[in-house]
1. If you wrap a convex hull around the Cα atoms of the range 8-58, how much volume per residue is inside, in Å³?
2. Can you return the lysines within cross-link range of Lys124? Criterion is Cα-Cα under 24 Å, with same-chain partners fewer than 8 residues away left out.
3. If each residue of separation counts as 0.36 nm, what is the full-extension length gain between Asp14 and Ser47 once their alpha-carbon separation is subtracted?
4. Using a 1.4 Å probe, what is the accessible area per residue for the range 118-227, in Å²?
5. Report the residue, chosen from Asp76, Asp206, Asp244, that carries the largest GNM mean-square fluctuation when the chain is represented by alpha-carbon nodes joined by springs under 10 Å.
6. Sort by residue number and name the cysteines in the chain that have no neighbouring cysteine Cβ under 4.7 Å.
7. Leaving out ligands, DNA and RNA but keeping every protein chain, what accessible area does Cys131 have, in Å² rounded to the nearest 10, with a 1.4 Å probe?
8. Near the amide H of Gly152, under 5 Å away, which other amide H atoms are found, from residues 5 or more places off or on another chain, if H is placed in the peptide plane?
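The values are calculated or read from the model by the stated rules, or taken from the named source; none is laboratory data. Keep in mind the model is a prediction, meaning the values are calculated, not measured. Positions of Cβ are backbone-derived with ideal geometry, glycine not excepted, and every protein chain shown enters the neighbour counts. Ligands, DNA and RNA are excluded from the accessible area calculation, which covers all protein heavy atoms including side chains. Shrake-Rupley method; radii C 1.70, N 1.55, O 1.52, S 1.80 Å.
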Amino acid sequence: MIDTHTHIDAEEFDIDREDTILRAVQRGVDRLFLPAIDLASSRRILSICQSNPGICFPMLGLHPEEVRESWSKDIDDIMALEKETDERVIAVGEVGLDYYWSREYEKEQIEALEKQVEWAIERKLPLMIHCRKAQNELVRLLRHYERHLVGGVFHCFTGNEHEALELLQFDRFVLGVGGVLTFKKSLLPTTLPSVVPLERIVLETDSPYMAPVPHRGQRNEPMYVHDVAVRLAEAYGMSVSDVDRITTDTATRLFLNALS
């Protein structure tokens with residue numbers, strides 16, 4: 001099983017990071033994909049992946065909430081880091097648009113995303129995309145580059161059927177599904193099976209955030225992706241082993257085949 005989105009570089013894991021990775025592996029979650037949010041986290045992630053080869057895999061990028069006036073230099077520094085490292089970067093991410101709190105840097109976020117999409121195209125890497133309150137703008141931007149993109153994940157999908165179908169028009173992209181699926185009031189258990197083939201879904205935790213039931217309110221961690229798989233299996237009426245196999249095949253094809 002693969003957790004395609006975990007921030008185990010975050011300070012919440014400083015006291016037990018290696019134990020967290022071990023717990024995940026013991027639970028059958030044997031590969032962890034680590035998205036960056038800025039230059040500092042990119043450096044931390046590369047170090048963690050270097051210490052855990054074959055288990056932890058790095059993504060590098062500038063998160064939309066980290067976009068400021070210096071965004072262009074910040075991205076240049078991250079791109080330079082990718083050239084310098086011996087680690088094989090599996091994606092550009094976590095990148096995207098986020099207008100949930102503010103539109104103060106709306107223009108800069110769009111320009112930063114464009115620059116990182118072009119970087120992904122140049123390096124033939126998939127994208128790990130964060131989008132909140134900005135799907136119209138995101139779709140408009142991606143359509144401009146669509147035929148050149150190798151694919152990616154729309155991370156932390158929590159939308160409705162219309163939003164799912166709109167994103168799945170990008171046929172090399174999939175939806176990342178995490179702990180929200182397990183929440184009592186979540187509509188995802190009915191929305192997803194109605195319009196999304198399981199082959200277009202990958203599992204994620206977004207740890208340390210949004211822990212799934214029955215761990216809600218606790219620090220999330222990669223081993224809890226198993227709880228997401230259990231709820232997804234219930235929603236699709238199939239076994240957990242089939243959900244594991246299908247989502248793992250999708251994540252492997254999208255991300256790890258880029259390493260071969």
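1. Numbers: hull volume 3.4 nm³, N = 51.
Taking only Cα atoms, the range 8-58 has a hull volume of 66 Å³ per residue.
2. Straight-line reach from Lys124, under 24 Å: Lys73, Lys83, Lys115.
3. On the way: separation 33, 0.36 × 33 = 11.88 nm, distance 1.34 nm.
So the chain would gain 10.5 nm between Asp14 and Ser47.
4. Numbers: 4990 Å² over 110 residues.
Per residue, the range 118-227 has an accessible area of 45 Å².
5. Asp76
6. So far as the 4.7 Å Cβ criterion goes, Cys131, Cys156 stand without a partner in the chain.
7. Probe radius 1.4 Å; accessible area of Cys131 about 50 Å².
8. Leu127, Phe173, Val174
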